[in-house]
1. Any idea how far apart Glu68 and His182 come out in nm if each label point goes 7 Å out from Cα toward Cβ?
2. Mind putting a number on the dipole of the chain about its Cα centre? Charges go on the C-beta only, +1 for Lys and Arg and -1 for Asp and Glu, and I need it in Debye to the nearest 20.
3. Sort 268-278, 10-20, 251-261 by the packing proxy (mean of other Cβ within 10 Å over each peptide's residues), most packed first.
4. Mind giving me the nanometre distance, one decimal, between the label points for Glu158 and Arg126, set 7 Å out from Cα along Cα→Cβ?
5. Take every Cα pair under 8 Å in the stretch 25-120 that's 6+ residues apart, average their separations, divide by the length, and report that relative contact order as a whole percent.
6. Restricting to Cα pairs below 8 Å that are 6+ residues apart, what does the relative contact order work out to for the stretch 189-337? Please round to a whole percent.
7. Would you please state which residues of the stretch 217-236 a label at Leu249 would reach in this model, taking the label point 7 Å out along Cα→Cβ and a backbone N cut-off of under 17 Å?
8. Neighbour counts of other C-beta atoms within 10 Å: give me Leu59, Leu311 arranged from fewest to most.
Amino acid sequence: MQDVLIICGTRPEIIKLAPLYHSLRASGWAQPRWLHTGQHDEMARQMLACFGIVPDVWLERGGDGLSEFSTRCRTLLDMVISSGTWSLVVVQGDTESAFLGALCGFYHHVPVAHVEAGLRTYDLERPFPEEGLRQMISRITRFHFAPTERAALALRDEAIALERIFVTGNTVIDAQHWVVRHHRIQRRVESRGHLLVTAHRRENWGSDLREICYAIADVASRHPELQVLFPVHLNPVVGQPVRAILGELANVHLSPPFDYLEMQQALIDSWLVLTDSGGLQEEAPTFGVPLLVLRTETERPEAIEAGCARLAGTQRVSIVRQIEELWSDPAAYQSMARAGNPFGDGQASVRIVNLLQNALACDERLRAVI
Ligand SMILES: CC(=O)N[C@@H]1[C@@H](OP(=O)(O)OP(=O)(O)OC[C@H]2O[C@@H](n3ccc(=O)[nH]c3=O)[C@H](O)[C@@H]2O)O[C@H](CO)[C@@H](O)[C@@H]1O
């Protein structure tokens, strides 16, 4: 049995690594250990419970600020990695937890596997600090699991050896299949469905978030029969303007963040999704729900190219115009709804487990002959 350390700390990382954890457990050759860095707390507990994961290690958070979190997390990760016989460290995406996990693996000569490798905007400020973190993780990773051909191409263009890059699909689709299977998620509404909104990215804080809220208020007022569901991020920088602008509208339903099951149910019952979230850009096409991205750029252009999503930007007029167009043009709506999902087929984790099994066995044979 090979000991595999899965390091993660935020809601999206848990969602995207849960299917891999379960596939590794079922594989028979790997013993996965789940380490939670403590970066998210309440939202992490929700997600871990949904996927039936009890972390083997739960690090105590160093403090509220990122640098306190980072310093303490680095020290504790060092202790965990140096006290085990790890064959592999697995990280996902571009968070501080993922970066620290990869860095500690690298310092201890434990090979690093990076899930969702190769996403790029090539603008270090957007998203900040994530774009820098994912680029740095790529420099010290042994196994790059790219969700799409485009992501793999970015890694090849950065001169990463071809034999270290694998196109697997995105594990978030596996997570959706998992909850659909285990929790019987299916569409429950017969009518058009609701407008589902999430918005919390740092780049949108301030005037852009207010513009987004005014756009939602315009649409909600014009179409009182349209119900708007808006699970609001726990960060008060987000909650305060959202409640101030949308709190009094009868058909806008503000709530605390949904757990993953509630979110997938809300998604499948949607008419349209309006979001600045990365994960939702990947998930909405699974259920054939068109999506407007509340950003001016995206590191997931596959959805735009496939036709299941459009960039709506963050300006009130443009957002309202795009929603109204889909409201009144069934052909445009249907072509988005039928575009399919370019991010995967729900088999990414199984592919990753098979690739790792072969590669680690090969590494072992090599070590035996050296
Ligand atoms: C700056 C930036 O680009 N950051 C990205 C961002 O990732 P994201 O944009 O995908 O993050 P979210 O939108 O938070 O999560 C999405 C997932 O959460 C589920 N969900 C959502 C709301 C809810 O009420 N209940 C839920 O269950 C939803 O279905 C989906 O699966 O943060 C990560 C580190 O935190 C980064 O790595 C990643 O680059």
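FYI, it's all coordinate maths here, none of it is from the lab. In this text the structure is predicted, and so the values were computed from the model without any measurement. Heads up, the Cβs are rebuilt from the backbone with ideal geometry, glycines too, and the neighbour counts pull from every protein chain shown.
1. It works out to 3.4 nm between the two label points.
2. I would put it at about 560 debye.
3. The most tightly packed comes first, giving 10-20, 268-278, 251-261.
4. 2.0
5. 21
6. 26
7. Taking a point 7 Å out along Cα→Cβ of Leu249, the residues of the stretch 217-236 whose backbone N falls under 17 Å are 217-233.
8. Leu311, Leu59
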